[in-house]
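The values are calculated or read from the model by the stated rules, or taken from the named source; none is laboratory data. Being a predicted model, the structure only gives us computed values, none of them experimental. Quick reminder, even Gly has a Cβ in these numbers, built from the backbone with ideal geometry, and neighbours come from all protein chains shown. Just so you know, the surface numbers come from the protein's heavy atoms only, side chains and all, with ligands and any DNA or RNA stripped out. Shrake-Rupley method; radii C 1.70, N 1.55, O 1.52, S 1.80 Å.
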Amino acid sequence: MCAAQLRQNSSLSVAIIEGNNRPALKLKASGGGKCNLTNVEVDPTHFLGDETLVSNALSRFSQKALLDYFKEGGLRPVLRKERYYFCPKSSDEVISILVGKANGCDLLLGHKIVSLEGQKPFLLITDKGKFTAEKVVVATGGASYKELGASDIGLKIAQNYGLKIIPFTPALVGLTLQPKEFWMKELSGISFPARIMVAGKTLDEDLLFAHKGISGLVVLSASLYWFKGEIVIDFLPDFDLGRLKNEKKSISTAIPLPKRFMKAFLEAVGLEDKACNRLNPEEFDALLSIRHYAMAPSGTFGLSKAEVCRGGVASTELDPNTMESIKTKGLYFIGETVDVTGELGGYNFQWAFSSAVVCAKSLML
């Protein structure tokens with residue numbers, strides 16, 4: 001995106017150094033191969049990171065600007081679940097637009113970055129040669145999806161220039177369980193809408209039980225804000241349990257959730273699956289925990305299963321108006337390499353594209 005902006009709007013000589021043999025492999029794999037470009041609701045509350053940095057980027061290249069940009073390129077994003085904008089056919093539609101708009105830049109494929117040295121000119125060393133540049137934009141992403149060439153080289157470059165970094169950790173990832181919640185492992189494959197409260201955030205989407213723990217869209221977004229301690233799960237959002245007090249049906253039949261889940265949940269909280277109107281006050285209080293089940297995950301599924309990474313170059317090291325290093329002029333960091341991470345649902349591509357446009361505009365001055 002940054003190179004495309006520069007190519008379309010300036011006469012600068014631009015080279016893209018790409019570690020893979022094809023460009024944008026992570027973009028290609030995202031969203032089940034259909035690339036979730038952005039979201040209906042885009043504002044800083046959906047990101048973990050410096051609010052000023054995020055706000056500035058989103059104001060300079062908004063959700064509407066992103067959608068208009070790709071529509072002008074012939075893409076007609078489709079809206080799913082009234083929230084997520086996807087490519088209608090495949091991620092290749094986005095990639096072809098960006099590659100087309102960047103046509104004329106030197107696209108150097110299969111160059112693994114070894115190091116960046118010096119300053120004006122910078123010396124970029126790859127496994128296939130050396131390159132000099134007056135200015136360098138580091139857009140090397142996070143460390144998840146190593147099979148797609150991901151690494152922490154961006155943070156190593158930042159450290160080499162004395163910039164503060166926050167080490168990469170898994171984000172948008174499943175959560176593993178303490179022994180107290182091992183009953184959930186027996187529910188692998190069951191999925192339904194749920195609500196999770198974590199670190200002051202309330203998130204709604206599908207929850208999926210897995211062999212390793214809990215996953216699904218709501219858990220992946222919750223993992224962004226979870227560091228340690230408890231999360232609270234509402235397995236039955238907006239359902240009024242009070243109306244069950246006179247219900248003659250059994251609990252597992254009266255509550256509109258998969259029966260296998262209900263049986264396991266009732267066993268976990270020590271409740272007999274009996275007629276709802278036979279529950280005494282103490283038992284009914286135990287049933288209410290289905291709306292606010294507190295649990296402390298033991299960890300995450302790890303970097304290999306994470307959609308993105310938390311962490312990156314500290315926002316205090318960058319000028320929010322340019323994405324340029326305050327300490328090292330001519331050195332820029334954008335996208336996931338920066339300590340800004342969005343929730344699941346197109347937010348991380350929005351941030352990548354918005355930060356790229358901010359950077360490109362400053363390079364054209």
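Express in Å², to the nearest 10, the accessible area of residue 319 obtained by rolling a 1.4 Å probe over the protein heavy atoms while all chains stay in place.
Surface accessible to solvent at residue 319 totals approximately 50 Å².
Restricting attention to the alpha-carbon atoms of the chain, what are Rg (one decimal) and Dmax (integer), both in Å?
23.6, 79
Based on the mean of other Cβ atoms within 10 Å per residue, sort peptides 16-23, 179-186 so the most packed one is first.
Most protected by this proxy first, the peptides run 16-23, 179-186.
By DSSP, what percent of the beta bridges with both residues in the chain are antiparallel, rounded to the nearest 5?
Counting only bridges with both partners in the chain, antiparallel ones make up about 85 percent.
Any chance you could get the radius of gyration and Dmax over the Cα atoms of the stretch 134-281, in Å?
Cα radius of gyration and Dmax of the stretch 134-281 are 21.1, 77 Å respectively.
Have a look at 352, 158, 264 and tell me which one the Gaussian network model of the chain (Cα, springs below 10 Å) gives the largest fluctuation.
Top of the fluctuation ranking is 264.
When the chain is modelled as a GNM with alpha-carbon springs shorter than 10 Å, which of 160, 56, 280 fluctuates the most?
Of 160, 56, 280, the Gaussian network model singles out 280 as fluctuating most.
Can you list which of the DSSP-assigned H helices in the chain have a Cα extent of 20 Å or more along the long axis and an average Kyte-Doolittle score of at least 0.5?
What comes out of the filter, once short or polar helices are dropped, is 347-363.
Would you rank 94, 232 by solvent-accessible area, highest first, keeping every protein chain in place and using a 1.4 Å probe?
Largest accessible area first, the list is 232, 94.
What percent does the relative contact order of the stretch 202-323 come to when contacts are Cα pairs within less than 8 Å and at least six residues apart? Walk me through the numbers before you get to the answer.
Details: 102 pairs, mean separation 33.9, N = 122.
Averaging sequence separation for qualifying contacts and normalising by length gives 28 percent for the stretch 202-323.
Carbon and sulfur: what percent of the stretch 225-365's accessible surface (1.4 Å probe)?
50
Considering only protein heavy atoms, what per residue accessible area in square angstrom results for the chain with a 1.4 angstrom probe?
Details: 16610 Å² over 365 residues.
Value returned for the chain: 45 Å² of accessible area per residue.
When all protein chains stay in place, what accessible area (Å², nearest 10, 1.4 Å probe) is found for residue 45?
In the full protein context, residue 45 sits at about 80 Å².
Taking Cα pairs under 8 Å and at least six residues apart, what relative contact order does the stretch 1-156 come out at, in percent? Numbers along the way, then the final one.
Values: 215 pairs, mean separation 43.9, N = 156.
Relative CO of the stretch 1-156 lands at 28 percent.
Based on the alpha-carbon set only, what is the convex hull volume of the stretch 124-165 divided per residue, in Å³?
Output value, Cα hull per residue: 84 Å³.
Tell me the accessible surface of residue 253 in square angstrom (1.4 angstrom probe, heavy atoms of protein chains only), to the nearest ten.
For residue 253, solvent-accessible area is about 70 Å².
When the expected Rg is taken as 2.2 N^0.38 Å, what fraction or multiple of it is the alpha-carbon Rg of the stretch 264-333?
2.26
Compute the normalised compactness of the stretch 72-214: alpha-carbon radius of gyration over 2.2 N^0.38 Å, N being the residue count. The partial results should precede the final answer.
Numbers: Rg = 21.3 Å, N = 143, 2.2 N^0.38 = 14.5 Å.
Its radius of gyration relative to the 2.2 N^0.38 Å reference: 1.47.
Quantify, in whole percent, the carbon and sulfur part of the accessible surface of the stretch 6-153 (1.4 Å probe; protein heavy atoms only).
Working: 3920 of 7860 Å².
On the stretch 6-153, the fraction of accessible area on carbon and sulfur atoms equals 50 percent.
Under 13 Å from the Cβ of residue 343, count the other residues' Cβ atoms, weight Lys and Arg +1, Asp and Glu -1, and hand me the total.
On the way: positive: 83, 201, 310; negative: 41, 43, 204, 205, 307.
Here the charged neighbours net out to -2.
When the helix-only estimate is applied to the chain (DSSP H runs of n ≥ 4, each -39,500 (n - 2.57), divided by the residue count), what is the mean residue ellipticity at 222 nm, nearest 500 deg cm²/dmol?
It lands at -8000 deg cm²/dmol.
In whole angstrom, and with the biggest value first, how far do the Cα coordinates of the stretch 91-151 range along each principal axis?
The Cα atoms of the stretch 91-151 stretch 37, 29, 18 Å along the principal axes, largest first.
How high is the FRET efficiency from residue 80 to residue 278, r the C-beta distance, R0 41 Å, rounded to 0.05?
For R0 = 41 Å, the calculated efficiency reads 0.45.
Explain nothing, just the number: relative contact order of the stretch 170-210, from Cα pairs under 8 Å at least 6 residues apart, as a whole percent.
38
Expressed as a whole percent, how much of the Cα-Cα distance distribution for the stretch 59-114 exceeds 12 Å?
Working: 1134 of 1540 pairs.
Tail of P(r) above 12 Å: 74 percent of Cα pairs.
Under the rule of at least 5 residues apart or a separate chain, name every residue whose amide H is placed under 5 Å from the amide H of residue 338.
313
Build a GNM of the chain with springs between Cα atoms under 10 Å: which of 216, 104, 311 gets the top mean-square fluctuation?
Between 216, 104, 311, it is 104 that shows the largest mean-square fluctuation.
Looking at the stretch 205-281, what % of the alpha carbon pairs are farther apart than 16 Å? Present the calculation step by step, with values, prior to reporting the outcome.
Numbers: 1757 of 2926 pairs.
Counting pairs separated by more than 16 Å, the tail of P(r) holds 60 percent.
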